[in-house]
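Engineer: Structure in structure tokens, see below.
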Amino acid sequence: MSFSIIAATGLNGEIGSNNKLLWHIPEDFEWFKHHTYHKVCILGRKTYESIGKPLPKRINVVLTKDNSYNPHPNVIVRNNINDVLFEFSNEREVMVLGGSSIYKQFLPYCNRIYLTKVKHKFNADSYMPNINWDDWFKYFHREGSNQNGFNYEFNIYKKPLKE
């Protein structure tokens, strides 16, 4: 079982404002699609609603406390993290797409983080939870192509196996 976070943050860990992304970087969208296609993707209700429809070519799972939430026939709704961890434990890789609360709940179960770092400060109301980077090592790094005037980089972090 592998649970992975995929996120993009500003310099201060910013991930959104008013339930919207803070930038539009086509290369980051391609990175996101490449790493999430044909996988189970976990989203919080607000993140799902900000997208407005199921993400294509993925199994969309919305985690919400609202027992009556039923956004779309092609969306699986679960009400607690334990159900998700159990139900999808045999998947090769489950992608955690956010938002902040969902990242925080799943962080202890994740062994990989796909992180786009946008080298800019943004006004935001949603942030990535604190991560103890001493528990992780970077095994992939690539600079972005500087689209839309932002410098950014793509990184993949892994947790070392416990001995």
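Engineer: Asn79 to Asp135: extension gain in nm, 0.36 nm per residue of separation minus the Cα-Cα distance?
Structural biologist: Fully extending the segment from Asn79 to Asp135 adds 17.3 nm.
Engineer: Name the GluC sites (Glu not before Pro) in segment 88-144 that are in a loop by DSSP and that have at most 16 other C-beta atoms within 10 Å, would you?
Structural biologist: Those satisfying the criteria are Glu91, Glu93.
Engineer: Taking the Cα centre of each part, how many Å lie between segment 134-163 and segment 14-70?
Structural biologist: Computed from Cα coordinates, the inter-centre distance equals 20 Å.
Engineer: Next up: Which one, Asn74, Asn148, Asn111, has the greatest fluctuation when you compute a Gaussian network model over the chain with C-alpha springs under 10 angstrom?
Structural biologist: Asn148
Engineer: What are the ³J(HN,Hα) values, in whole Hz, obtained from phi via the Karplus relation 6.51 cos²θ - 1.76 cosθ + 1.60 with θ = phi - 60°, for each residue of segment 65-73 in sequence order, with x given for Gly and Pro?
Structural biologist: Result, rounded to whole Hz: 7, 6, 5, 9, 5, 8, x, 6, x.
Engineer: Given N residues in segment 1-105, what is Rg(Cα) / (2.2 N^0.38 Å)?
Structural biologist: Computed over Cα atoms of segment 1-105, the ratio equals 1.03.
Engineer: A further question on this structure: Measure off, as a whole percent, the carbon and sulfur share of the 1.4 Å-probe accessible area of segment 1-97, all protein chains present. Spell out each step's value before the answer.
Structural biologist: Working: 2580 of 5200 Å².
Answer for segment 1-97: carbon and sulfur cover 50 percent of the accessible area.
Engineer: How much net charge surrounds Thr36 when only other residues with a Cβ under 10 Å from its Cβ are counted (Lys, Arg +1; Asp, Glu -1)?
Structural biologist: After counting each charged neighbour, the total is +3.
Engineer: Still on this structure, please answer the following. For the cross-link pairs Lys53/Lys159; Lys65/Lys159; Lys104/Lys138; Lys46/Lys138, which exceed 26 Å when the distance is taken from alpha carbon to alpha carbon?
Structural biologist: Lys53/Lys159; Lys65/Lys159; Lys46/Lys138
Engineer: Quick one: among Ser100, Ser126, Ser89, which has the greatest mean-square fluctuation in a GNM of the chain with alpha-carbon springs under 10 angstrom?
Structural biologist: Taking springs between Cα atoms under 10 Å, the residue moving most is Ser89.
Engineer: Quick one: work out the % antiparallel among DSSP beta bridges in the chain, nearest 5.
Structural biologist: Of the beta bridges lying entirely in the chain, close to 40 percent run antiparallel.
The values are calculated or read from the model by the stated rules, or taken from the named source; none is laboratory data. Because the structure is a prediction, the values reported are computed rather than measured. Reconstructed Cβ throughout: ideal geometry from the backbone, glycine too, with neighbour counts over all protein chains shown. Each accessible area value is taken on the protein alone, full model and side chains, heavy atoms only, with ligands, DNA and RNA left out. Shrake-Rupley method; radii C 1.70, N 1.55, O 1.52, S 1.80 Å.
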